[in-house]
Structure formats: structure tokens, C-alpha cells
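A short worksheet on the structure shown next.
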Amino acid sequence: MFILMGVFFLLNIPVFMANFTDPVCFWRINLNEIQDEYLGLTCAFILAAVQKPIEKDYFNKTLNFLKTTKNHKYALALAFAMDEINRNPDLLPNMSLIIRYTLGRCDGKTVIPTPYLFHKKTKSPIPNYFCNEETMCSFLLTGTHWEVSLSFWKYLDSFLSPRILQLTYGPFSSIFSDDEQYPYLYQMAPKDTSLALAMVSFILYFSWNWIGLVIPDDDQGNQFLLELKKQSENKEICFAFVKMISVDYVYLEPEIEMYYKQIVMSSSNVIIIYEEKDNFFDLIFRMWEPPVLQRIWITTKQWNCPTSKRDITHGTFYGSLTFLPHHGEISGFKNFVQTWFNLSNKDLYLVMPEWKYFKYEGSASNCKILKNNSSDASFDWLMEQKFDMTFSENSHNIYNAVHAIAHALHEMNLQQVDNQAIDNGKGASSHCLKVHSFLRKTHFTNPLGDKVIMKQRVITQEDYDIFHFGNLSQHLGIKLKLGKFSPYFSHGRHFHLYVDMIEVATGSRKMPSSVCSAECSPGFRRLWKEGMAACCFVCSPCPENEISNETNMDQCVNCPEYQYANTEQNKCIQKGVTFLSYEDPLGMALALMAFCFSAFTAVVLCVFVKHHDTPIVKANNRILSYILLISLMSCFLCSFFFIGHPNRATCVLQQITFGIVFTVAVSTVLAKTVTVVLAFKVTDPGRRLRNFLVSGTPNYIIPICSLLQCVLCAIWLAVSPPFVDIDEHTLHGHIIIVCNKGSVTAFYCVLGYLACLALGSFTLAFLAKNLPDTFNEAKFLTFSMLVFFSVWVTFLPVYHSTKGKVMVAVEIFSILASSAGMLGCIFAPKIYIILMRPERNSTQKIKEKSYF
């Protein structure tokens, strides 16, 4: 089976079951050999109308010599159309169409070039006189190449114009579009005005964008290239190569080798072949090795698939997708051929290589049977089936040309009857002018249901049938109708596909791709480098926190504020909300530490209250000791404002409480230090400093210092108070809720003020460290301030190097560490003596020996 097409999903283009009133499955017997020297045969006919009936075996006698030639299909179409008209009593009554001459290479033996037939020294094949009174204007049918038609026209224009009207049945050529230069020449083939649109629509449906193009190097090829580029514009379709093959060098081995190398080296898997000359590319493909054939070919002609010069089977030749103008199917053609050749059904298979099709419903299922059977079984099975035969594209043009001639003559005869006007032998020239005036205005619907418009300047958009061609074996070819294209289909959907026939033609559900660059999957974006085609790009990952959720996106998009990109960067995920909570291990550990230190401070306070009359408690002012213990307990407890979900109240309290209670604690240490210094300076009763110590002046340091801190905090709250802030960037995938300090300057002013108080306490305590030991705790105060400084100096760089809840944890840890340092340095030695060495906590022992 042919591996050519893949899955057709029900997306934008409707996919239908095949309409079995039209044939969808065709087959033919391939000829054993197609001689290369006959690939360019042409055939021309001169027709006329006579006012008498013709014999029943007229065509058998007239065209008998064509039965064994390659051009018999043109003679068959001509004879079938003329016989159809001659037997029709409603069209051209009392007149018959006849064949006057056959010209060119109709016999398959004449190899004289057509221009030589018109040489002055050569007997003219077209007589410049018609003495038979039964005929007036004659009609010349020429094909299949425009060069041949042009040669005939030049001869007619010189000698016989306008006594013969010329109709061409070959492909449409823009050369003959000028009515003034070729007034008596008609092209039966329609202009391919919608072919480029059909191919581009088909290519886009399968997401192909890397296409090879092979066209003839002539006006027709250039015109098609312009149309194809116009339809491809802004549709991301690029051409891997555009190879224009010159007709003059197509048969040269070096040129063929060059074409082969360019196609086989291309990365494109889809190649468009636009050819207008019969078998133009057939000759080239017979000389190529199988690997180059492993492509998807989109063509405009029915190929003679390679069968004899290479062992090319369906395993190496994928077949072709061919766009052919839509035509209604002919009924009765098979019977006409059988009558002409006097053949049975079985003999017709072997003699006639034309395409045949099943005449009844079930064509798709019969195609499955045909493809699944072996070659011999297929032949035997086909012999038992009812079938009919089809026309080639040129045969359709001949058929329409004959009907156009008949309609023009019929309309002219009707007008002559109505006007009682009778031509009294003014000659063929006058008669041709009249026929020409009718022919150029002729438009009709032929028996096949096709509309035929003879006016050359009327541009119509053609419908196309989409066929899949291939070989079941070396001798059996198959053609499947996959769908139909029409620019007139509604809703901009230009073609319908027959899903059941596609499955028959497909050996695999995987569609071969043809792209310059593999598509960029979600999470990537396309980037183009200099010099690259629009279809060729590189895939680059999206930047951080940007996504692309579709394939082949040119730009990535930022995730919304409260979302973040997942690892694959193809979708945004809602960010999780996080803060330093009690459930967090870090928050839980800090809360436990704060609680334990608070409890320990409360125990110390209770011990001091219980032993308030002992010398060690009364030393250095027990009231200051109580105040210091309470302030340190408050320092530990203020840590709880930093843990838990932040809100406006906690954000304000955590900073203000921290600043004030630490000010009270440090100012209390300062007061105790001043008390120690004064105590040693006033041992002389006559000194004035004694009054300061006795009156309790050092105790005023605490409210004064605390008041100044309160003023700073009030200014902070007035100018830029702390508030709840959202940190979206620190932790990927999370929104961290933290307390923003508002004014950073105010925060550092509070810290600076505390540092000044601590520095004053440290200085005084350091100066008093050498005083007598008896009532001196200056050394412990010095160590406590040293610990305080160490903690907060370390805090600053660490604090600024962290973000989010870790930064909050650093601040809590600094509060706990500095508070615990003061508690331990100042009160741990006293508690040790009170609880563990109570014998030393007496006035007598103190007098005997200093303990501090």
C-alpha cells in the first residue's frame, strides 16, 4: 500500500463520505513499455459540417489507422462526441459533422516535424481550396502543445484565414489570450485561475510549509509561479527550491542529472510538479533512482508512473496527489469503444489503457478489495466487474470543442431560418465569419453537466478534483478520488475530503511532514537568524516567568502578577502564599526559643523578688534590676509580633515595640553603669556627687532615653509607618507576605539611637572595670554590651543579604540573641550565687572577700 497521506481530522475543512453517484475509484492496465520517442506525439483534425447523413461505420473507416497508435484516445473522444451529436435530433438537425483530414503525427509513423509540413516546397497538408459545395467553413482541432497550435495558426493566418477556425485542445496558454492577434483561435482548456489557491489551501491544511517546485521554463510556468507566490504570501509557506526546467535541454543526460541532485538533496518532502506538456516529466523520472521518488508529489497531470525501467513498487514510489479540473463522468463511452474495436469486456482490459471505474455503488469497498488482492487475483476479479471508461483532460477538451462547434452552427442555422436568410455561395470565408460571430458568444452546458464558455475574456474559477495516483503492480495502476476543491464552497472552506477514500489510499495514519524547521512546542518561542527563510527558525526557551502555551509562538507572554511559570513554561500556576508562620519549622523554633527565654527571665525575676533583701540583689539598685528583667522579658515576647500572618497592627507593633523595649533595656544598663561609677566616686561623704547617688538621679536616665526613642518612633509613624507588603520575586512560585518597614531611614535611626546608648554604657562600664570588686558589676555590664554590639553589627550585613521570611527570622534571632546575651552576662552569676552558693550571699562574706 502507498504510504502517502495521514490522519484527516474533522477540523476546519469538512470531511464527507464519498458521494457514490460519482465514481471515486479508477484503475487501468499499464502498457508494458512506453517508447521515449513517442512521448511528444501530437494530432490535429479538420472537421466540417455537411448537409447529409453519414454511414454507420463512417468513423471506423475514417479513423481505422489510429487504432494502434498512442493518439487513439484523441480519435476516440472526437468520434464519440461527433457520433453523439450526429445521433441527436435536437442538435444540428439535417446536418452531420465529418472529419476532413487528420494532421501531424496522428498515425504514429509520421515523424516529420510539424513546421516542415508547411514548407513551401512541400505539398500542403491543408488544401487552400474546398470545391465540395456541401461544406463551407471548416474547423481545425490542434494539440497537444501550444507550439504545434501556433505553427498551424501561422499557416492558416497566411493562406486560409478566415476560411478555417482553429480550436486547441491542449493546455491553456497565455500566448493565445490576445484576441486581436489570434481572432479566429479558441482555447478549449480553461485558464488555471484557481489552481494556485487550491494547492495552497491543500498545503496549509496539512501544515506543510517547506515546498519544492518544478516548473517548465516558459511563460506558462512563470505565470503559475507568480500565482503560487501570490497565494502563498503571508501564509508561512516557503520554497525549498524552484527549479525551472528548460524544454530545450530536458532530454540531455547532464541536465537530468542536475535536476535529480537538486531534488534528492532537498529536505522538502512535498514537491509540486507543474507541467503542461504531456509526458514532459515522465521521461525524466524514468532515469532516476527510487530514493528521489520517496516524496509527496502534487501535480497537475496524470503521470505515467514508472513501471518498466526500474523495479519501482509501492514500497518506494508513494504515488502522487493530482489536481485535475472537475468534469462530469461520461456514460456510454465504453460501449462506443467496444463497438468501434469490436471487443469483449475481457479484451477491452488488455487493449485499452484508459482509466476505468465501477458503474455501481460500493466503489470504495471495491477499491479496498482491489488493493488487498494480489496482482493475479486483482485481474481475475476485475474481469467480472461492470465498469465504464473515462476521458483524459485533452479528450474532455476535444469533446467540448466538438459540442461548441455544433452549438454555434445550430444557433446560426436557427437565426438564418428565422430571418429567412440563405447563404447563396459567398464562400467559406463569409461563412466562417458568421460562424465565428456565433462561436465566440457560445456558452452551454454539455451532456456531462460541465459549463462551457467560449468567450476568451471571461475569467472563471475552476473546480478541481483531487486524485491519488499509484501502481498496485507493474501492470496495474489505480486512481482514487480523495476530494473536491471549489472556490465557491461556503464559509471559505475551499475543499471537501472523502474520509472513506482517504483511508483506502492511506497505508498509514501518520502524515509525512514537510517543514523547514520542526515546530516549537509550548514553552519555546521562534527566533529567526539572519539569512533564514520565514519558515526556517530555531526554537528558544521562554525567558524566566514567561510562557508559550501554543506551538510556534513568536513571543512568550508574562504570567499575571499572582501567577508563575511552571517548569515546562507552558502554563501559569497560581502562586502559593507564604510567611513566617508558627507551622513553619523555622518559625516554630524561634517561637519556642522566645518562649523559653521569656520563661527563664520570669524565673530570674521571681528569684530576685524572693531574695530581694539579700546583699547581692540590693547591690547596684534592685529596682533597676527589676526594670531590666521586665524589659528583657518584653524583648523576648516582642518576637511573637514577627511570627504569623502579618497585618497592619502587627507590622506597626513589631517595630515600635522592638525599638522602645530595647531602649528601656539598654538605658537601664546605662543607669546601672552610672550607678556603679557614682558609687565609687562618692565614698567620701563630703563630695557633692553623693547627693546625686542618694537622690536616685541615675534612675531618670531610663524615662529620658525612652522618651527620646518614643519621639523618633512617633515621627516614623507619622512620616512612613510600617505596612504589609507582598514579595513576588524572592521565592519562585510563592508570594511572600512581609512587613515593610516603611521608612528605612527611621528604622536605622532607631537602631542608631540604641547603638549610641549601648556605646555609652559600654564606655562607662569599660572605664569602671578596674574598680574594686566588692559591689562592682561593671565587668558583667561590659560583657553584656560587647555581646549586644557583636549581635547587631553582625545583623546588618546578614539582614541585607537575605529576603523574605528568612530576613524576618534574622531580625528575630538578633533580638533573641542580644537579649539573651544581656540576660546571661548580667544575671547568670548572681543567680548562681543565690541558688547554688547561698553562703556567699551575706554581708559578712562580702566584707571578708569580694565575689565579683
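The values are calculated or read from the model by the stated rules, or taken from the named source; none is laboratory data. Small disclaimer: the values here were computed from a predicted structure and weren't measured. Glycine gets a Cβ as well: all are built from the backbone with ideal geometry, and neighbour counts include every protein chain shown. Calculation scope for accessible area: heavy atoms of the full protein, side chains included, ligands and nucleic acids excluded. Shrake-Rupley method; radii C 1.70, N 1.55, O 1.52, S 1.80 Å.
Before moving on, here are some points about what is shown:
- With a Förster radius of 60 Å applied to the beta-carbon distance between K52 and N222, the computed FRET efficiency rounds to 0.80.
- Förster radius 45 Å - calculated FRET efficiency between S246 and N60 (Cβ-Cβ, nearest 0.05): 0.60
- Per-pair calculated FRET efficiency, R0 = 56 Å: E728 and S331 via Cβ, rounded to 0.05: 0.15
- Qualifying trypsin sites (Lys or Arg not before Pro) in segment 710-799, DSSP loop, other Cβ atoms within 10 Å at most 15: K769
- Residue ranking by accessible heavy-atom surface, 1.4 Å probe, largest first, among S151, S790 comes out as S790, S151.
- Segment 524-574 - percent relative contact order, Cα under 8 Å, separation 6 or more: 33 percent
- Entry comment: accessible area of segment 524-574 is 64 Å² per residue, from protein heavy atoms only and a probe of 1.4 Å.
- Heavy-atom accessible surface of E583, to the nearest 10 Å², is about 140 Å², with a 1.4 Å probe and all protein chains retained.
- The listed residues Y101, Y259 rank as Y101, Y259 when sorted by accessible area, largest first, using a 1.4 Å probe.
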